[in-house]
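Step one of this worksheet: look at the structure below.
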Amino acid sequence: LRPDLPGEIQYDKDASKASTAFISSVELRTELIRLSNCLFGFIRHIARETRYGVRKVGEVHSTNIDSSQLIREDPRGNPSLSVILTESEKDFMCRKPPSS
């Protein structure tokens, strides 16, 4: 997004407002990318890990692990849910049933 130009409806002569709006759009873009990665991680979690289990680092066979453990650790995730979720999001998702 760009700042509004003279003649446009939301145009304001205050330059600091325009730069603040631009910074906000960059932050929103970053958050949208993070949330897209979260969505991809949960789709991966439901489609693969709950069906086939998780192969932990150094192990040969896949094992079934608890959904909340997978969210908190996510040993093979890329993107890893344990990294991209905030603590409050992890707490919220751990209280949900795996199929939700």
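The values are calculated or read from the model by the stated rules, or taken from the named source; none is laboratory data. Bear in mind the structure is a predicted one, so any value in this text is a computation, not a measurement. Positions of Cβ are backbone-derived with ideal geometry, glycine not excepted, and every protein chain shown enters the neighbour counts. These area figures cover heavy atoms from the full protein model, side chains too; ligands, DNA and RNA do not enter into them. Shrake-Rupley method; radii C 1.70, N 1.55, O 1.52, S 1.80 Å.
Numbers for the structure displayed
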| read-out | value |
| --- | --- |
| Extreme residue, modelled with the lowest pLDDT, among residues of region 12-54 that are of a type in the set (Phe, Trp, Tyr) and open to solvent by 90 Å² or more (accessible area, probe 1.4 Å) | Phe22 |
| Residue in region 61-90 that is modelled with the highest pLDDT, counting only those that are surrounded by 16 or more Cβ atoms within 10 Å (Cβ to Cβ) and under 12 Å from Arg44 (Cα atoms) | Leu81 |
